[in-house]
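Each remark here refers to the structure printed beneath this line.
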Number of protein chains: 2
Amino acid sequence: MSRRIGIKDVAREAGVSAATVSLVLNDRATTRIPEATQDRVRRVASDIGYAPNTLARGLRTRRTHTIGFVSDRIATTPYAVRMIEAAQEAAREHAHLLFLVSTGGDPEVERSAIETLKSHQVDGFVYACMWHREVEVPAGLPAGSVLLDARPARGAYPAVVPDDRGGAVAAVQALVDAGHTRIAYLDVEEDPLPLASGLRLEGYLEVLARAGITPDAALHVRGASDAAGGMAAADRVLALPPEQRPTALFCFNDRLAMGAYAAARHHGLAIPTDLSVVGYDDQQLIAAELDPPLTTVALPHHEMGRWAVEVLLGVRDRPGPDETEDGVVLMPCPLIRRDSVGPPPTREPGRRRV
Amino acid sequence: MSRRIGIKDVAREAGVSAATVSLVLNDRATTRIPEATQDRVRRVASDIGYAPNTLARGLRTRRTHTIGFVSDRIATTPYAVRMIEAAQEAAREHAHLLFLVSTGGDPEVERSAIETLKSHQVDGFVYACMWHREVEVPAGLPAGSVLLDARPARGAYPAVVPDDRGGAVAAVQALVDAGHTRIAYLDVEEDPLPLASGLRLEGYLEVLARAGITPDAALHVRGASDAAGGMAAADRVLALPPEQRPTALFCFNDRLAMGAYAAARHHGLAIPTDLSVVGYDDQQLIAAELDPPLTTVALPHHEMGRWAVEVLLGVRDRPGPDETEDGVVLMPCPLIRRDSVGPPPTREPGRRRV
DNA sequence: CCGGACTGCTAAACCGATTAAGCACCTGCC
DNA sequence: GGCAGGTGCTTAATCGGTTTAGCAGTCCGG
């Protein structure tokens, strides 16, 4: 193959200097170069199929139009990937390219990935987690990097996380609004507890308090973060004596909710007639497929991913202090209403199904 | 911030020329430069924190150590993302970085993404689909680009797709081995039909033929690609008269299988005692969470992703013609044995459950 | 007719590396 | 003493652009 077509070729063909071509194609100092010349240059450029070499340009301008997106994992939880998709989309809208690196959470890999990206002269970094976490920002991550689904243990970085507390408030409020007063929280059991666990608990308690409902410790149960754990946990609260038994379940996530459905079935309870259930995460594969479809709270992965690169590129104003908590912005988690919430049963909590 | 540390700084500090530094740090022409000097250069480089500028190097050497990964989507099906993860992992192992672009399948976006990536001088392209498809390779995609989960409609490109037919063979064979002779295929209903649908049907029929089982057209049913569709389709075959009713279901995917579980429940059939079920895709969220856990066929996303970049980088030999079909390599789909397959019921297909 | 301002460009340095060509010095041999 | 050959580097060109400074030429006012 012959040499790539460069700015010089355009210059020669158009009968001007390379400098002029550069000025024209970058709309620089445009006043000084007459339209006629500009048109000619542009015509020639497109005729001979000129394409700029971003490398060369970046070398000179020190802006490469690339972003390093470093993430602990990418494929753990299915929908967190939306963050990446949204980040890439936002990057594309602003003519940037995303370098994707997943480190598996290994600090050494992380460090070396950051160095590599720096040597590629990325314009900035997004440091993402696939779970809402507090992170020790890796040494070497430049100031101004933005944190995604992570809050910095120390240091000031723009950061965005889901508003787990607000999401829980919306979920539990929906239950209260439907008339429930005995609402259980099927929490997750993990070591260490995810940040979201405590935040959602706060939201849960906040709504109860506002509604004048005294929290019942027996209604806060924990289970492993899967359907089996959800089933076991739900089973415990559903086995309580009738007057103590909850009429609604707020589940830490959709998998627990899936287990709760199974437990409800075993107890002969129909959803939402006898028991209302709200999940969290809005995992389509579960939430939409369950029978009945699960009312749940969605994680704003898309919005967060977009936010991160827009802030990084400076095309979105960083929020004022009122929108943030300790400097990290809380992205709202919308309640997705489907069919698993209804009013509490009026009398006996339902008859057995066959 | 002061200027970046460059090769010249190392040169000055070590008392040699920039050329020497370059030669030493790249282990070039090493015979001509004495160990003492080399050590000194390397020491200085690390002392003053020299990091090479990959852009400058790439400009000169015409190798940027970057790969363009362009994909129709990234977040549609959760586990397909593993392809990206594996591709990135393989790239990292060979000191390459991945530019991730998702185009949403829009040809115009695709075209422009490819141009952008070219202007960034990527060393090569992976063109990926999130579903096994035949694709019209976009104009502008250079020869030598590798196709991932896609087979080219025309033109010769290295390409890898899952061996859907082989996966179906494994699945149905497991059923036959368990003793089943009446095996239904719960196929997907979509327009157009995915390639996988036909291939898995071929595998299904192949096993039946080998086992001397005459296929029963009534046992090949289609449903929408979700739990509801699976339920409806399963319902149809389970409602057949006892002597025609299948004792095992091979499902196009795990979501259909999930629906089949529900249908089985409605018919009072226990899995695997009364009915055996095999899925496809191994979507953890479904397959592992179902009760009982679903035996299914896994898509080799990880292996395919890795294959693509290894072939692109020339570190893996392209397969001989025996491993391929029309020049595209078929990556095996392993059967994941869980608990949804058992021998067919001996007499009556089970009593009603309470 | 001269000087200043404006117009329309170009020359050349620069970004940070790689690399081909070659220079200066030393040694050894005839 | 002269020359070949080896050693240990350096010089300078190059990759493909951007950008600053400034050069010619023209116009215009005085």
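The values are calculated or read from the model by the stated rules, or taken from the named source; none is laboratory data. Bear in mind the structure is a predicted one, so any value in this text is a computation, not a measurement. Because the Cβ atoms are built from the backbone with ideal geometry, glycine has one as well, and the counts that use them run over all protein chains shown. Protein only, heavy atoms only, side chains kept; ligands, DNA and RNA dropped before computing areas. Shrake-Rupley method; radii C 1.70, N 1.55, O 1.52, S 1.80 Å.
At residue B:173, label 7 Å along Cα→Cβ: distances to the other copies, nm, ascending?
Label-point distances to the other copies, shortest first: 5.8 nm.
Say R0 is 30 Å: what FRET efficiency, to the nearest 0.05, do residue B:216 and residue A:284 get from their beta-carbon distance?
Details: r = 34 Å, r/R0 = 1.13.
According to the calculation, E is roughly 0.30.
Pairs of Cα atoms under 8 Å, at least six residues apart: use those to get the relative contact order of region B:165-294, whole percent. Don't skip to the end; give the middle numbers.
Details: 217 pairs, mean separation 33.1, N = 130.
The normalised contact order for region B:165-294 reaches 25 percent.
Helix A:195-210 against the longest principal axis of chain A: what's the angle in degrees, Cα atoms only, rounded to the nearest 10?
It works out to around 50 degrees.
Determine the per residue accessible area of the protein assembly as shown with all protein chains present and a 1.4 angstrom probe, expressed in square angstrom.
Details: 31380 Å² over 708 residues.
Normalised by residue count, the accessible surface of the protein assembly as shown is 44 Å².
Ignoring ligands, DNA and RNA, what percent of the accessible area of region B:7-52 is carbon or sulfur (1.4 Å)?
Values: 1490 of 2910 Å².
Summing carbon and sulfur atoms, their accessible area is 51 percent of the total for region B:7-52.
Using Cα pairs under 8 angstrom and six or more residues apart, how large is the relative contact order of chain B, in percent? Spell out each step's value before the answer.
Working: 676 pairs, mean separation 57.9, N = 354.
Over chain B, the number comes to 16 percent.
Of the candidates A:136, A:108, A:35, which one comes out as most mobile in a Gaussian network treatment of chain A with C-alpha springs shorter than 10 Å?
For chain A, modelled as a Gaussian network with Cα springs under 10 Å, the answer is A:35.
How far is it, in nm, from the label point at residue B:108 to the one at residue B:123 when both lie 7 Å from their Cα along the line to the Cβ?
Output for this residue pair reads 3.5 nm.
First compute the accessible area of region B:230-338 with a 1.4 Å probe, then give the percent of it belonging to carbon and sulfur atoms.
Numbers: 2000 of 4020 Å².
Within region B:230-338, the accessible surface is 50 percent carbon and sulfur.
Among A:196, A:18, A:170, whose mean-square fluctuation peaks in a Gaussian network model of chain A (Cα, cutoff 10 Å)?
Result: A:18 has the largest fluctuation of those listed.
Distances from residue B:217 to the same position in the other copies: list them in nm, one decimal, shortest first, using label points 7 Å from Cα along Cα→Cβ.
Going from nearest to farthest copy, the values are 6.8 nm.
To test your reading of the geometry: what angle, between 0 and 90 degrees and rounded to tens, separates the Cα axis of helix B:81-93 from the longest principal axis of chain B?
For helix B:81-93, the angle is close to 30 degrees.
Per residue in region B:99-130, which ones lose no less than 40 Å² of accessible surface when going from chain alone to all protein chains (1.4 Å probe)?
For region B:99-130, once contacts with the other chains are taken into account, B:99, B:100, B:102, B:119, B:120, B:121 lose 40 Å² or more.
How much length would be gained if the chain were fully extended between residue B:326 and residue B:206, taking 0.36 nm per residue of separation minus their Cα-Cα distance, in nm to one decimal?
On the way: separation 120, 0.36 × 120 = 43.20 nm, distance 2.00 nm.
Extra length from residue B:326 to residue B:206 when fully extended: 41.2 nm.
So who's got an amide H within less than 5 Å of the one on residue A:279, skipping anything under 5 residues away but keeping other chains? H placed 1.01 Å off N, in plane.
Hits under the 5 Å cutoff: A:251, A:295, A:296, A:297.
Using the Cα centre as the reference, give the magnitude of the dipole from point charges on the C-beta atoms of region B:7-52 (Lys, Arg: +1; Asp, Glu: -1; all else neutral), rounded to the nearest 20 debye.
Details: 7 positive and 6 negative charges, 25 e Å.
Computed about the Cα centre, the dipole is about 120 debye.
Using label points projected 7 Å from each Cα along Cα→Cβ, tell me how many nm separate residue A:93 and residue B:38, to one decimal.
The modelled label-to-label distance comes out at 5.2 nm.
If you take the charge dipole of chain A about its Cα centre, with +1 on Lys and Arg Cβ and -1 on Asp and Glu Cβ, which of A:258, A:139, A:15 is farthest toward its positive end?
So the residue furthest toward the plus end is A:15.
Taking the axis about which chain B rotates onto chain A, which residue of B lies nearest it as judged by Cβ position, and how many whole Å separate them?
For the rotation taking chain B to chain A, the closest Cβ gives B:78, 1.
Run the label-point distances for residue B:334 please: 7 Å along Cα to Cβ, every other copy, nanometres, shortest first.
For residue B:334, the other copies' label points sit at 4.0 nm, shortest first.
Compute the long axis of helix B:35-47 from its Cα atoms, compare it with the longest principal axis of the Cα atoms of chain B, and write down the angle in degrees, 0 to 90, nearest 10.
The angle comes out at about 70 degrees.
Specify the residue with the greatest mean-square fluctuation among A:193, A:313, A:141, computed from a Gaussian network of chain A linking alpha-carbon atoms under 10 Å apart.
A:193
When 1/r is averaged over all different Cα pairs and the result inverted, which Kirkwood radius in Å belongs to region B:158-296? Write out the running numbers ahead of the final one.
On the way: mean 1/r = 0.0686 Å⁻¹.
This gives a value of 14.6 Å.
Which value in deg cm²/dmol, rounded to the nearest 500, describes the helix-derived mean residue ellipticity at 222 nm for chain A, given -39,500 (n - 2.57) per DSSP H run of n ≥ 4 and division by the residue count?
Values: 12 runs with 134 residues, N = 354.
Result for chain A, helices only: -11500 deg cm²/dmol.
Report the FRET efficiency, 1/(1 + (r/R0)^6), for residue A:136 and residue B:5, where r is their Cβ-Cβ distance and R0 is 35 Å, rounded to 0.05.
Numbers: r = 26 Å, r/R0 = 0.75.
About 0.85, to the nearest 0.05.
What residues of region A:285-317 lie in the reach of a label at residue A:143, counting those whose backbone N is under 19 Å from a point 7 Å from the Cα along Cα→Cβ?
Of the residues in region A:285-317, A:311-314 have backbone N under 19 Å from the label point off residue A:143.
Over region A:1-95, what is the relative contact order in whole percent, taking alpha-carbon pairs under 8 Å and six or more residues apart? Present the calculation step by step, with values, prior to reporting the outcome.
Values: 52 pairs, mean separation 21.7, N = 95.
The value is 23 percent.
Tell me the total accessible area that B and A bury against each other, 1.4 angstrom probe, in square angstrom rounded to 100. Kindly include the intermediate steps, with their values, before the conclusion.
Working: alone 17920 and 17880 Å², together 31380 Å².
Answer for the B-A pair: about 4400 Å² buried.
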